[in-house]
Amino acid sequence: MNTRFGRAFRYEMQNYFRAVAVLWLAMALIPAAMMALAYFLAGETAAESSFNGYSMAVGMFGLVLGMVGLRENQRVLNQNGVSRRSAFLADVAALAVAALLVAVGVSVIMGIYRAVLGSGSHLLITDLYQLIYEPAPAGNGVGALARGAVLSTVVGWMLAALGQFCSALYWRLSKFWTILISVAVPLALIFGSAPLLTWLDTTSAGRAAVEALAAFGRFLAASPWNAAAVLLAMGAAFFAVTWLLLRRAMIRPAK
Amino acid sequence: MAIEFQHITKTFGDTRALEDVSLTFEEGKIYGLLGNNGAGKSTLLNILTGRMCQDGGTVTVDGAPAGSDAALSRLFLVGEKNLYPDDMKVKRALDTAELFYPDFDRAYAENLAKQFELPLNKKINSLSTGYGSIFRIVLGLSVNTPYVLFDEPVLGLDAQHRDLFYKLLVRKYAESPCTMVISTHLIAEVADLIEHTVIIRKGRILQDAPTEALTAACWAVSGPAGLVDGWAAGRDVFASSVLGGLKTVCVRGEGTEDLPAGLERRRVGLQEYFISLMEEEDQR
Amino acid sequence: MTLTEDRPIFQQIAEQLEEAILSGAYPEESQVPSITEYSVQYRINPATALKGINLLVDAGLLYKKRGVGMFVASGAREKLRQSRRERFYQDYVQRMVREARNLGLTDQELRTLLERGMEEDGH
C-alpha cells in the first residue's frame, strides 16, 4: 500500500467513507420514518406501504460519486504527486469498494428490518432484486440478501463508471459542444420518444428490435449472474472510454 | 539526476506557447525561470508536472517520463492556483501531503504556518490571494522532494511576508540542498538568489547560463553621446538609451579594460539586463 | 550592510567580513556567522556567500574547524592591514589623482587639499 496507487486509494476511501456512512444512516432511518409517518397519519388501519428503493439508492449513489469525484480527485492527486493513471485506477478500485460497502450495508439493514418487522407488518421492505429474481417469501433469506448485495454492488459500480464517463466527456468537450449536448440530449428524449415508439410499433424492423430487446430482458431476468456479467462489462467499457478521454485532458484549477 | 526538457513544443490554437525548448535543471541548484507574463513559464511547468501534454519533445525527471508516478513523486509544484477541493481545510491538506510525501515535515509545516499566521482550520477556498500563496508555499517548503518548483510564489504577499518567504527558502536550501526552480516576473527580488538564470520569451529560451556569467559580462557605459559611440563601435552592444546629450549603452564584454576619460562604467543588474534584452528582442 | 549592484555580491561579502575583522567586531579565533546565516541575512544564494568567505580562507584570514564552522585566523588583522596598505595606492591614491584631473584640479591644488585633509583629521 505504499505505492502511489495504494496511497491514492487510501485517500479516496477516506473521502468516500463519509458519503457511505451518510447513505447507511439514511437507508436505516427512512423506512422507520415512513412507518412512523404512516402510523401518525392513519393509525393502525394504515394500508400497507412498501419501500423498495434500495437498489436504486445504491445505483444513484454510484452515479453521483462517479461524476463528482473524477476531476476533483485528479486535481488533488496530481498536486500530491500521483500520475493520472494511478489516480484513475484508485478511482476504479475505490468506487468498487464504496459500492460494495453501500450494497452490503443496505442488505444488512434490509435484513434487520425484515427480521424485526416480521411478515405481518404494515411496511414491506423489498427491493428490485427481490422483485425480479427471488420473490418473497423464498427470497427473504440471508442467501438472497447476499446475492442481492452482489448485484447491487455491480449496479453501483457500473453507474459510477457511467458517471465518470459523463464527467470525462464534459471535461474534454469545449464549451460549445458541452452546451450543444446538454441541450440536444434532453430535446431528443422529449421529442424523439414519440416517433421512436411509433417506429418500434409499426415497422417490421422496429418490431424486430423490440423482440431483441425483450429477449435481452429475459436473459437479464433469468439469472442475477447474467445481469451482473452484462453490467460488469458495461462498467468496464465506460471506464475504458473514460481513461481514453482522461489521458490527454488538461488538469486545471476549478475556477 | 536532473530534470531534462528536450525540444518541447506546445501550441494552443494558433499560439505557439513553447517552441523547441531544451533545458536542464540539475540537482542541488536554485534556478530562476524568468520571463514576462505569457512567455511560456507556466506552460513549461504544467507540462513538467503532467497537467498538460506537450505536442512534441520529451521531458524526464531523473529519467522517468513527466507525469508518471516516479517523476511526480520527486517534485512538488507551488503553483499559481489552487488544485485542492473547495471545501478542504488547510489542516486536511497537510494530512494529505503527509500521506503522499514520506519526507513531509509536519512539525516544520505547522511552524511555518504559525510564522505566516496561516490559520489551519480555514477552508482553502476562503483564503485570500496572499494566504492562498502562503498556504502553497508552506507545503512546498515542507515536502522535501528533490525538486521544488515555484510558479509566481509571492502573488499577493505583502513585503514582510515576501521577505520571510525568501529567507525561509534560502535557509531551507542552505540546510538541505535540493533543486529549486523559481519562475517569476519579479526579477529584482530573486536576482541574488538564483545560481542559474533561464530567460524565456514568447516560448523560446533566450538565455540559459549561470547568473554570475550573465551579470559579470554586462556593463553599462555612459558619457557624452559622441564619445560613447566612438568607444562602442565594434562592440557587442545590446541596448542603448539617450537622455539629452548623455548616452548609455549596455555592452557584453569583460569590463576590465580602462575607459577613456569622460566615460563611466557600472555593472548591469539582472533586472536591467533582462529589460534591455527584451527591448532588444522587441526591436528585432 | 545593504548590497549594491555595482560590485559582485561575493566581493561585498568578503569586504564586509574584512571590515569586521579589521575593526575587531569579529575578534581573532572567534567564530564568524555561518554560510546559512549570511545567506539568510542578505537573501542571497549560499554559493555566493561561500565564494565570498572562501576569498578570505584562501587569503589565510579565515580557517574552517570541521563540524563547527569558520573562525578568524590569528594574525588576520595584521595581515589585512598589510594588504590594505598595498592596495592603498591603487584604491585611493590613483583614483584620487584621476578624479582630481577629471575635475580640472592642478597638482598644487590637490596637494593643498591633502594638507587640509590631514590637518582636519587631527592625529
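The values are calculated or read from the model by the stated rules, or taken from the named source; none is laboratory data. None of these values were measured; they are calculated from a predicted model. Note: ideal-geometry Cβ built from the backbone for every residue, glycine included; neighbour counts use all protein chains shown. The area values use the complete protein model at the heavy-atom level, side chains included, leaving out ligands, DNA and RNA. Shrake-Rupley method; radii C 1.70, N 1.55, O 1.52, S 1.80 Å.
Out of the strands (runs of 3 or more DSSP E) lying entirely within segment B:1-103, which hold 1 or more residues that are in contact (Cβ under 8 Å) with a residue 24 or more places away in the chain and closer than 21 Å to B:Glu152 by Cα?
B:2-12, B:15-26, B:30-34, B:75-78
Being of a type in the set (Ser, Thr, Tyr) and in contact with a helix residue (DSSP H, G or I) (Cβ under 7 Å, 6 or more places away or on another chain) is true for just one of B:Tyr173, B:Tyr131. Which residue is that?
Details: B:Tyr131 fails: in contact with a helix residue (DSSP H, G or I) (Cβ under 7 Å, 6 or more places away or on another chain).
Result: B:Tyr173 is the single residue among B:Tyr173, B:Tyr131 that is of a type in the set (Ser, Thr, Tyr) and in contact with a helix residue (DSSP H, G or I) (Cβ under 7 Å, 6 or more places away or on another chain).
In segment B:114-127, what count of residues is obtained for those that are open to solvent by less than 60 Å² (accessible area, probe 1.4 Å) and within 30 Å of B:Gly28 (Cβ to Cβ)?
Filtering segment B:114-127 down to residues open to solvent by less than 60 Å² (accessible area, probe 1.4 Å) leaves B:116, B:118-120, B:124, B:126-127.
From what is left, the residues that are within 30 Å of B:Gly28 (Cβ to Cβ) are B:116, B:118.
So the answer is 2.
Consider B:Gly130 against the criteria (1) open to solvent by 50 Å² or more (accessible area, probe 1.4 Å); (2) more than 12 Å from chain A (Cβ to nearest Cβ): it satisfies all of them except one. Which criterion is unmet?
Only one criterion is unmet by B:Gly130, namely (1).
Every residue in segment B:230-271 that is open to solvent by less than 60 Å² (accessible area, probe 1.4 Å), within 31 Å of the chain's Cα centre (by Cα) and not small (Gly, Ala, Ser), please.
Result: B:Val237, B:Phe238, B:Thr248, B:Val249, B:Cys250, B:Val251, B:Arg267, B:Val268, B:Leu270.
When you check C:Thr4 against the structure, is it open to solvent by 60 Å² or more (accessible area, probe 1.4 Å), more than 13 Å from the chain's Cα centre (by Cα) and within 30 Å of B:Ile194 (Cβ to Cβ), yes or no?
yes
Is it the case that some residue within segment B:22-38 is more than 16 Å from the chain's Cα centre (by Cα) and open to solvent by less than 40 Å² (accessible area, probe 1.4 Å)?
Checked against the condition, which is being more than 16 Å from the chain's Cα centre (by Cα) and open to solvent by less than 40 Å² (accessible area, probe 1.4 Å), segment B:22-38 yields no hits at all.
Could you list, ordered by first residue, the pairs with Cβ atoms under 8 Å in which the first is in segment A:85-112 and within 14 Å of chain B (Cβ to nearest Cβ) and the second is open to solvent by less than 10 Å² (accessible area, probe 1.4 Å) and not in a helix (DSSP H, G or I), at least 6 apart or interchain?
A:Ala90/A:Val82
In contact with a strand residue (DSSP E or B) (Cβ under 8 Å, 6 or more places away or on another chain) and either away from chain B (no Cβ under 14 Å) or polar (S, T, N, Q) (or both) - does that describe any residue in segment C:1-11?
no
Go through (1) closer than 24 Å to B:Arg252 by Cβ; (2) in a loop (DSSP other than H, G, I, E, B); (3) aliphatic (A, V, I, L, M) for B:Val154 and report which single condition fails.
Only one criterion is unmet by B:Val154, namely (1).
A quick yes/no check of all residues on (1) at pLDDT below 90; (2) of a type in the set (Ser, Thr, Tyr); (3) not in a strand (DSSP E or B):
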{"position": "C:Gly52", "(1), (2), (3)": "no, no, yes"}
{"position": "C:Gly67", "(1), (2), (3)": "yes, no, yes"}
{"position": "C:Glu86", "(1), (2), (3)": "yes, no, yes"}
{"position": "C:Tyr92", "(1), (2), (3)": "yes, yes, yes"}
{"position": "C:Asn102", "(1), (2), (3)": "yes, no, yes"}
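For the list (1) in a loop (DSSP other than H, G, I, E, B); (2) within 14 Å of chain B (Cβ to nearest Cβ), I need the number of the one condition that C:Glu28 fails.
Single failed check for C:Glu28: (2).
Here are B:Thr215, B:Thr211: which of them is touching a Ser or Thr at 6+ places or on another chain (Cβ under 8 Å) and within 30 Å of B:Leu263 (Cα to Cα)?
Testing whether each residue is touching a Ser or Thr at 6+ places or on another chain (Cβ under 8 Å) and within 30 Å of B:Leu263 (Cα to Cα) leaves just B:Thr211.
Looking at (1) within 30 Å of A:Leu244 (Cβ to Cβ); (2) open to solvent by 10 Å² or more (accessible area, probe 1.4 Å); (3) within 14 Å of chain B (Cβ to nearest Cβ), which is the only condition A:Arg18 fails?
(1)
Is it the case that B:Ala213 is in contact with a His (Cβ under 8 Å, 6 or more places away or on another chain) and not acidic (Asp, Glu)?
no
Considering only segment B:104-127, state which residues are more than 14 Å from chain A (Cβ to nearest Cβ), among the polar types (S, T, N, Q) and touching a residue at least 40 places away in the same chain (Cβ under 8 Å).
Within segment B:104-127, just B:Gln115 meets the criteria.
Could you figure out which of (1) more than 11 Å from every other protein chain (Cβ to nearest Cβ); (2) without any contact (Cβ under 8 Å) to a residue 60 or more places away in the chain; (3) surrounded by fewer than 20 Cβ atoms within 10 Å (Cβ to Cβ); (4) at negative phi isn't true of B:Leu214?
(3)
So that you can scan it fast, the table gives a plain yes or no per residue for (1) among the polar types (S, T, N, Q); (2) within 14 Å of chain B (Cβ to nearest Cβ); (3) open to solvent by 20 Å² or more (accessible area, probe 1.4 Å); (4) touching a Cys at 6+ places or on another chain (Cβ under 8 Å):
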residue: C:Val40; (1), (2), (3), (4): no, yes, no, no
residue: C:Pro46; (1), (2), (3), (4): no, yes, no, no
residue: C:Leu50; (1), (2), (3), (4): no, yes, yes, no
residue: C:Ile53; (1), (2), (3), (4): no, yes, no, no
residue: C:Leu61; (1), (2), (3), (4): no, no, no, no
residue: C:Lys65; (1), (2), (3), (4): no, no, yes, no
residue: C:Val72; (1), (2), (3), (4): no, no, no, no
residue: C:Ala76; (1), (2), (3), (4): no, no, no, no
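If I filter segment A:22-35 down to residues being in contact with a Gly (Cβ under 9 Å, 6 or more places away or on another chain) and surrounded by fewer than 18 Cβ atoms within 10 Å (Cβ to Cβ), which single residue comes out as farthest from A:Leu101 (Cα to Cα)?
Once the filter is applied, the top-ranked residue is A:Ile30.
Mind counting the residues in segment B:170-192 that are under 24 Å from C:Glu5 (Cβ atoms), within 12 Å of another protein chain (Cβ to nearest Cβ), outside any strand (DSSP E or B) and touching a residue at least 60 places away in the same chain (Cβ under 8 Å)?
4
Restricting the search to segment B:58-72, which residues are of a type in the set (Gly, Ala, Ser) and open to solvent by less than 40 Å² (accessible area, probe 1.4 Å)?
Listed by number, the residues that qualify are B:Ala64, B:Ala66, B:Gly67, B:Ser68, B:Ala71.
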